[in-house]
1. Can you tell me how many residues within region 219-237 are closer than 21 Å to residue 177 by Cα and either in a loop (DSSP other than H, G, I, E, B) or not assigned by TED's automatic domain parsing to the domain that holds residue 81 (or both)?
2. Do we have any residue at all in region 264-272 that's modelled with pLDDT under 55, surrounded by fewer than 17 Cβ atoms within 10 Å (Cβ to Cβ) and in contact with a helix residue (DSSP H, G or I) (Cβ under 6 Å, 6 or more places away or on another chain)?
3. Looking at this structure, is residue 15 surrounded by 13 or more Cβ atoms within 10 Å (Cβ to Cβ) and at pLDDT below 95?
4. Name the residues in region 75-87 that are buried (at least 19 other Cβ atoms within 10 Å of the Cβ) and in contact with a strand residue (DSSP E or B) (Cβ under 7 Å, 6 or more places away or on another chain), would you?
5. Within region 114-128, identify whether any single residue is surrounded by fewer than 18 Cβ atoms within 10 Å (Cβ to Cβ), in contact (Cβ under 8 Å) with a residue 60 or more places away in the chain, assigned by TED's automatic domain parsing to the domain that holds residue 80 and not in a loop (DSSP other than H, G, I, E, B), and answer yes or no.
6. Taking residue 90, is it in contact with a strand residue (DSSP E or B) (Cβ under 9 Å, 6 or more places away or on another chain), within 15 Å of residue 121 (Cα to Cα) and assigned by TED's automatic domain parsing to the domain that holds residue 137?
7. Please verify whether residue 131 is buried (at least 19 other Cβ atoms within 10 Å of the Cβ) and at positive phi, treating the condition exactly as stated.
């Protein structure tokens, strides 16, 4: 009887692998408004750009929120998240910390969150093409983030302000960003990876509406577009203010949580992973069926 109990315990341990201990990883990519410029002030007289250092309560550090730093090491996440990634610019508050805190607030059982900053200010969508430096670095960081057991849950994407400068770039934006999303899913081997995209609140040029319509018109399974239009901007008219970044992070969290069932969150987030696990369990039990029959036959003979 002891052997039977041990066998059942081992089978359950193999067949139902616990998911709650996985780190939930989010890739953050795009340009300056994803990197975060909330609270960044430009002193035109002195020519110096500084961050005011104000971190709102919604963006404060949390022991359950980590970030992958420039050295591919997990550290406690804190603003400015992109300080060591978008290091050529002055970074401030972005949407990432509020996003993570909001997810954890709404689902306390969600587990640890790992943020992977990849955004670089002032970048055009063409610079994020597959095979180019920004894309390759993002994929490298994304793959490194899961090497010790984490699972990539979504791509958080906010980019396009630079593509509003040139009409040609604006007109090509839909095709380029659509291909970008498909390439990311392909290279991360996650064809249904959730994507949270932000539609522009501002732009560097006159073709903002063309890019916005391209973003709002993307039709992909497991894509949610959060519209930042109307959120308050910094005095430069381009970057979101700190309160706006807080609001955006909350909207992005709400959009992501549409992918999350109300119960058993970590287990059910990935449709492909869920199906694969069920198939694995089924195959395992089919494989073990002869052993079960033999075991119970021997037990029956023993009791006769």
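The values are calculated or read from the model by the stated rules, or taken from the named source; none is laboratory data. Computed from a prediction, not measured in an experiment: that's the story for all the values here. Positions of Cβ are generated from backbone atoms using ideal geometry, with glycine treated the same way; all protein chains shown enter the neighbour counts.
1. Let us first name the residues in region 219-237 that are closer than 21 Å to residue 177 by Cα, namely 219-229.
This time we only want the ones that are either in a loop (DSSP other than H, G, I, E, B) or not assigned by TED's automatic domain parsing to the domain that holds residue 81 (or both), so: 219-222, 228-229.
Counting residues in region 219-237 that are closer than 21 Å to residue 177 by Cα and either in a loop (DSSP other than H, G, I, E, B) or not assigned by TED's automatic domain parsing to the domain that holds residue 81 (or both) gives 6.
2. The first filter runs over region 264-272 and keeps only residues modelled with pLDDT under 55, leaving 264-272.
Narrowing further to those that are surrounded by fewer than 17 Cβ atoms within 10 Å (Cβ to Cβ): 264, 268, 271-272.
Imposing the further condition that a residue be in contact with a helix residue (DSSP H, G or I) (Cβ under 6 Å, 6 or more places away or on another chain) reduces the set to 268.
Within region 264-272, one or more residues are modelled with pLDDT under 55, surrounded by fewer than 17 Cβ atoms within 10 Å (Cβ to Cβ) and in contact with a helix residue (DSSP H, G or I) (Cβ under 6 Å, 6 or more places away or on another chain).
3. On the way: surrounded by 13 or more Cβ atoms within 10 Å (Cβ to Cβ): yes; at pLDDT below 95: yes.
Answer is yes for this residue.
4. Step one: filter region 75-87 for residues buried (at least 19 other Cβ atoms within 10 Å of the Cβ), giving 77, 79-83, 85-86.
Result: 77, 79, 80, 81, 82, 85.
5. Within region 114-128 (the criterion being surrounded by fewer than 18 Cβ atoms within 10 Å (Cβ to Cβ), in contact (Cβ under 8 Å) with a residue 60 or more places away in the chain, assigned by TED's automatic domain parsing to the domain that holds residue 80 and not in a loop (DSSP other than H, G, I, E, B)), the answer is no, since none of the residues qualifies.
6. Details: in contact with a strand residue (DSSP E or B) (Cβ under 9 Å, 6 or more places away or on another chain): yes; within 15 Å of residue 121 (Cα to Cα): yes; assigned by TED's automatic domain parsing to the domain that holds residue 137: yes.
For residue 90, the condition - in contact with a strand residue (DSSP E or B) (Cβ under 9 Å, 6 or more places away or on another chain), within 15 Å of residue 121 (Cα to Cα) and assigned by TED's automatic domain parsing to the domain that holds residue 137 - is met.
7. Values: buried (at least 19 other Cβ atoms within 10 Å of the Cβ): no; at positive phi: yes.
Taking the combined requirement at face value, the residue does not satisfy it.
Quick grid of which residues meet (1) within 16 Å of the chain's Cα centre (by Cα); (2) surrounded by fewer than 19 Cβ atoms within 10 Å (Cβ to Cβ); (3) within 18 Å of residue 115 (Cα to Cα); (4) at pLDDT 95 or above:
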position: 137; (1), (2), (3), (4): yes, yes, yes, yes
position: 155; (1), (2), (3), (4): yes, no, yes, yes
position: 172; (1), (2), (3), (4): no, yes, no, yes
position: 183; (1), (2), (3), (4): yes, yes, no, yes
position: 191; (1), (2), (3), (4): yes, yes, no, yes
position: 194; (1), (2), (3), (4): yes, no, yes, yes
position: 198; (1), (2), (3), (4): yes, no, yes, yes
